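The values are calculated or read from the model by the stated rules, or taken from the named source; none is laboratory data. As the structure is a prediction and not an experimental result, all values here were calculated from the model. Every residue, glycine as well, gets a Cβ built from its backbone with ideal geometry; the counts of neighbours run over all protein chains shown.
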């Protein structure tokens, strides 16, 4: 046990660090002329104690899997993030004041451009479920010794995704993650809903299955004690810290109108005087983790199923994912309570511990996938394609996080039939194309799906696979290859008059149309653009060139942002006689064939469109 | 007080209705060969009691604002919805068995194609916050006598949006809305997280500021009592009903593997035998509301501010919205805790009661807007454009709900500068274009913004306005008009060599480029495509025709799904020499001008692109 003197010394050290964190938060934001110093000051004491007393992190090896993780869910407190990095000695004073400037790694909100930042934050309510997902995999798969810490703002607890995170952590009994809520009472434009009612926060969190430590977030000994207890707890434990926004600088403390506002040079001078003077910053010793690494993961070539009879691409997805999981120890699966529909349940048969049930909470699912890839796993997350719209902000942010995640959306388009429009993804291609660096795949048969799923495991970035509910014919042999960025010419001849470009379910309609037209002596080229992004511009251009610019694009999707516009962008201004067949009117329920016809995207409609071009 | 006999008679009636609801739920789903009968059976007793004993609804006047509202958040229980309509006598047996068939109003999940359905449900977790938003406006603006009832599934409480709804209802003290959770223990692919732990549900809901009535959802007297208490409560009150999935049909009760599965004809026969026999359905008397209507709302022409000095379009949005609110009593504003940034706070100055603070919860905000428009209000909801991605599922569903809502997203694009990519909407145009029937507007100056905001108030469907953080020059006089679907030719001459199409912030860059090029004797046409959807295809085609097909499209957005692809779609295969300037690389922080240049979308880059085409 520490002696009184040692304790005193420790608290002195914490105090010294906390004041430096405050000074540096002000210095960098004042230099930038913008930023969130007051949101940084409220959490400075908590972070000082965490950094010097509890975080086990080798700052020279940010990728070391033994390290603890520290996720700033309240990403706008970036001055504090960078002040912590300064105190840890990994950035210097000169870099600190490049905050928010062009070319600096110290962006307005933290991103993994800095090696010590796991994920981008700044869209509130995200860091928390990301931390939870990371902790879940670490505990279940490895009983990993590292601890996950995440700092939340009080305002962001209004986001439902925070409660999805608490739900998951409570349900899974995660004692290796500590959310710390910085209850500084003030949001951007005024008081928060609960202000300083920390009991109300505690009651909510406890109701989701957690123990809660309520503390004064400026009492260093209380913080120290709470962080120790949280790390050692046998049950999920959160910390609710009552704090003062702007703490330490009298003229901004607990004042409205100071959110997201830098102090002027004069104000900063006064502030620094209150914070011990404009003294140079130091680097402080921190604790490293004990050496540890997860068990080596198997890495074999997946033994993919092959198909000859009609099969739904969603089923082929499940089969292929199970094969990938069986072959590779780093691949994990997540599903939002529809694994018997997406067929990701196949994974449970080969590696039940690597199947993560996320219940009906798509934000939590994508967040967890992002958290899991931080610690070296390769997640595949699945639900109905329509319901990935629920997680679009998380997908957008995952791209900024440089995350490598794979998403599979089933039941796409009107072809699902009876369930009606709420279950029909008709915007998913647009949504997923408009994600930085994304890959968008849309297979039409079982063998193609299997190959693409195997390729997804190796593909970086946000990789999306769109699958179909109904069984579809198998048109490709199991030996064919389907490179990402490629396409397949499934019908062609020297005297083709029109090119049809399509993907997924409507490939089969296009083939039917082509075969029917052939009987009338109208030859058409059919291209299966299974790689919607990147798209095979070369093959498209060649086909369009060979068919006099006559082009029909068919898609089970709204007209905007999907395959049709991807093709137009790829052709970059080529002269076309164009028919774009897409879903124009709001669909209803009906049989798949009826709905494909009603939407004008079945074989008959395609054949008519072709004839209209001749 | 009712006599014992009267009570007995009432309970008998409830029982009779409940069994009919069960029979009809089975009949219609078996006829369809799909659907969710077991999820309907668990809630049949609650709905029978609600329909016959508590709901005040004139079934012949579904648009009567005096009516109660009943929102099936668990939309997959559509057989029960339609069975209720049958019991109310508004659909007949013949229509009931058209369930899920092509051309039927009885879709797989309920939509407002039926006049008694307020909003489409089927994406779980949405009906609840929609109901809360509706109740909030009804109570605050009118002390309306109607009550809002919403039936939730237990599985959907995993969605954070449900807790956003509870948070809002608790915080606002709403005693005019009753969420009823049908705790039937089983989700789609197995047990829910909390199974029958109704105390855990109650603890969570209570922690969010509600009273909770825990009941047996099959005890008619308990249900009756709880519904009475909930309607009369002075505090927010929810009902947690323990139920049995498939209740009433022995061989499906509390069984896994029966979610979303119709009974076969033989099974249905057995089920009907258990439910009192295959007897004809009846219509039952229900209670009408007392006559009531909200006070007549002012409807004047808004007095819009006019601008000559540079102003941010977000500021012009706030000014115009305040003018619209002042002029029209049916317009309301919602904001997700950033009203001092979106400038919707201007509304508070003219009609504070019609400004609804949604805190940082964008799903709840859009849901509430949808709820408010059901009762005749015309909502405008605002946040940073980037954060509407959080609510995309709600926006998608709002289109299926035939909702009329207006969304304003500020701080779009790299031009925001220092805050970095998490705050930059670069996918919002793609996302919003790919919404059925949507309108997408992107003004570049204050006067244009004002006119568009006024037009938005009258525009139906999902109407999106993208605004800019920085002040921009005023280039249009206050007397100009900006019809939706139009565009402005801001630079043109008879010998233009290239057309530049752009909108918003980059209009000013294009003008600078055009003026610089003019000095070098290169004439270009500049089109301000402020109406991104619908787009002014005619003006675009004429310009491109007049400039030899030479076209530069410039946008502060990813290349996919935004203005560039909208223009390509509008030009429908015209031969082009095209340069599409959009944001390709992940942006960082910096000054707006630096970031516009780095992204290749500033005046210099535009001028270079023009030269590259000559």
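Inspect segment B:94-106 for any residue being under 27 Å from residue A:361 (Cα atoms) and either in contact with a strand residue (DSSP E or B) (Cβ under 7 Å, 6 or more places away or on another chain) or within 12 Å of another protein chain (Cβ to nearest Cβ) (or both) and give the result as yes or no. Yes; the residues of segment B:94-106 include at least one that is under 27 Å from residue A:361 (Cα atoms) and either in contact with a strand residue (DSSP E or B) (Cβ under 7 Å, 6 or more places away or on another chain) or within 12 Å of another protein chain (Cβ to nearest Cβ) (or both). Got at least one residue in segment B:284-292 being in contact with a strand residue (DSSP E or B) (Cβ under 7 Å, 6 or more places away or on another chain), buried (at least 17 other Cβ atoms within 10 Å of the Cβ) and either within 14 Å of another protein chain (Cβ to nearest Cβ) or in a helix (DSSP H, G or I) (or both)? No - not one qualifying residue is present in segment B:284-292. Any chance segment A:208-231 includes a residue that's within 14 Å of another protein chain (Cβ to nearest Cβ), part of a helix (DSSP H, G or I) and in contact with a helix residue (DSSP H, G or I) (Cβ under 9 Å, 6 or more places away or on another chain)? So far as segment A:208-231 goes, no, none of its residues is within 14 Å of another protein chain (Cβ to nearest Cβ), part of a helix (DSSP H, G or I) and in contact with a helix residue (DSSP H, G or I) (Cβ under 9 Å, 6 or more places away or on another chain).
Checking B:335, B:330 one by one, the residue that is closer than 29 Å to residue A:385 by Cα, in contact (Cβ under 8 Å) with a residue 40 or more places away in the chain and touching a helix residue (DSSP H, G or I) at 6+ places or on another chain (Cβ under 9 Å) is B:335 and no other. Looking at segment B:108-146, which of its residues are in a loop (DSSP other than H, G, I, E, B) and under 16 Å from residue B:231 (Cα atoms)? Listed by number, the residues that qualify are B:143, B:144, B:145, B:146. Every condition in (1) part of a loop (DSSP other than H, G, I, E, B); (2) buried (at least 24 other Cβ atoms within 10 Å of the Cβ) holds for residue A:479 except the one numbered (2).
A single member of B:435, B:453, B:463 is within 14 Å of another protein chain (Cβ to nearest Cβ), more than 15 Å from residue B:384 (Cβ to Cβ) and crowded, with 23+ Cβ neighbours inside 10 Å, and it is B:435. When residues in segment B:475-492 are screened for being within 33 Å of the chain's Cα centre (by Cα) and at negative phi, 10 of them pass. For the subset of segment B:11-69 comprising residues that are touching a helix residue (DSSP H, G or I) at 6+ places or on another chain (Cβ under 7 Å) and part of a loop (DSSP other than H, G, I, E, B), which member is farthest from residue B:256 (Cα to Cα)? Result: B:59. When A:591, A:575 are checked against the criterion of being touching a residue at least 40 places away in the same chain (Cβ under 8 Å), surrounded by fewer than 21 Cβ atoms within 10 Å (Cβ to Cβ) and within 8 Å of chain B (Cβ to nearest Cβ), A:591 stands alone in meeting it.
Among the conditions (1) on the phi < 0 side of the Ramachandran plot; (2) in a loop (DSSP other than H, G, I, E, B); (3) buried (at least 17 other Cβ atoms within 10 Å of the Cβ), residue A:566 misses just one, which is (2).
Closer than 20 Å to residue A:159 by Cβ, in a helix (DSSP H, G or I) and facing chain B (nearest Cβ under 9 Å), is that true of residue A:360? No: the conditions fail for residue A:360.
Within segment A:69-76, identify whether any single residue is surrounded by 19 or more Cβ atoms within 10 Å (Cβ to Cβ), in contact (Cβ under 8 Å) with a residue 40 or more places away in the chain and out of contact with any strand residue (DSSP E or B) (no Cβ under 8 Å at 6 or more places or on another chain), and answer yes or no. Checked segment A:69-76: at least one residue is surrounded by 19 or more Cβ atoms within 10 Å (Cβ to Cβ), in contact (Cβ under 8 Å) with a residue 40 or more places away in the chain and out of contact with any strand residue (DSSP E or B) (no Cβ under 8 Å at 6 or more places or on another chain). Taking (1) touching a strand residue (DSSP E or B) at 6+ places or on another chain (Cβ under 8 Å); (2) within 7 Å of chain A (Cβ to nearest Cβ); (3) outside any loop (DSSP other than H, G, I, E, B) in turn, residue B:580 satisfies each apart from (2). May I ask you to verify whether residue B:568 is more than 29 Å from residue A:111 (Cα to Cα), within 11 Å of chain A (Cβ to nearest Cβ) and without any contact (Cβ under 8 Å) to a residue 24 or more places away in the chain? Yes, satisfied. Which members of segment A:147-161 meet the condition of being farther than 20 Å from residue A:67 by Cα and either away from every other protein chain (no Cβ under 11 Å) or assigned to a strand (DSSP E or B) (or both)? Those that are farther than 20 Å from residue A:67 by Cα and either away from every other protein chain (no Cβ under 11 Å) or assigned to a strand (DSSP E or B) (or both): A:152, A:153.
Scanning segment B:318-348 for residues that are more than 15 Å from residue B:410 (Cα to Cα) and away from chain A (no Cβ under 14 Å) yields B:322, B:323, B:324, B:325, B:326, B:327, B:328, B:329, B:330, B:331, B:332. Considering only residues in segment B:388-414 that are over 8 Å from the mean Cα position of the chain (by Cα) and surrounded by fewer than 24 Cβ atoms within 10 Å (Cβ to Cβ), the one that is farthest from the other protein chains (Cβ to nearest Cβ) turns out to be B:404.
Before we move on, is residue A:171 buried (at least 24 other Cβ atoms within 10 Å of the Cβ), within 14 Å of chain B (Cβ to nearest Cβ) and either under 26 Å from residue B:364 (Cα atoms) or at pLDDT 95 or above (or both)? When the stated conditions are applied, residue A:171 does not pass them. Scan segment A:540-555 and give yes if some residue there is under 32 Å from the mean Cα position of the chain (by Cα), more than 28 Å from residue B:399 (Cα to Cα) and touching a residue at least 12 places away in the same chain (Cβ under 8 Å), otherwise no. Taking every residue of segment A:540-555 in turn, at least one turns out to be under 32 Å from the mean Cα position of the chain (by Cα), more than 28 Å from residue B:399 (Cα to Cα) and touching a residue at least 12 places away in the same chain (Cβ under 8 Å).
Residues in segment A:515-535 that are in contact with a helix residue (DSSP H, G or I) (Cβ under 8 Å, 6 or more places away or on another chain) and outside any strand (DSSP E or B) were compared, and the one that is surrounded by the most Cβ atoms within 10 Å (Cβ to Cβ) is A:530. For segment A:15-36, the condition holds for no residue, the condition being that it is within 30 Å of residue B:417 (Cβ to Cβ), crowded, with 18+ Cβ neighbours inside 10 Å, more than 14 Å from chain B (Cβ to nearest Cβ) and in contact with a strand residue (DSSP E or B) (Cβ under 8 Å, 6 or more places away or on another chain). Comparison of A:336, A:312, A:297, A:327 shows that the only residue that is more than 30 Å from residue A:10 (Cα to Cα), surrounded by fewer than 19 Cβ atoms within 10 Å (Cβ to Cβ) and touching a strand residue (DSSP E or B) at 6+ places or on another chain (Cβ under 7 Å) is A:297. Within segment A:109-118, identify whether any single residue is away from chain B (no Cβ under 14 Å) and surrounded by fewer than 21 Cβ atoms within 10 Å (Cβ to Cβ), and answer yes or no. Checked segment A:109-118: at least one residue is away from chain B (no Cβ under 14 Å) and surrounded by fewer than 21 Cβ atoms within 10 Å (Cβ to Cβ).
When A:238, A:262, A:200 are checked against the criterion of being within 14 Å of chain B (Cβ to nearest Cβ) and part of a loop (DSSP other than H, G, I, E, B), A:262 stands alone in meeting it. In the set B:601, B:606, only one residue is more than 10 Å from chain A (Cβ to nearest Cβ), modelled with pLDDT of 95 or more, outside any helix (DSSP H, G or I) and touching a helix residue (DSSP H, G or I) at 6+ places or on another chain (Cβ under 7 Å); that residue is B:601.
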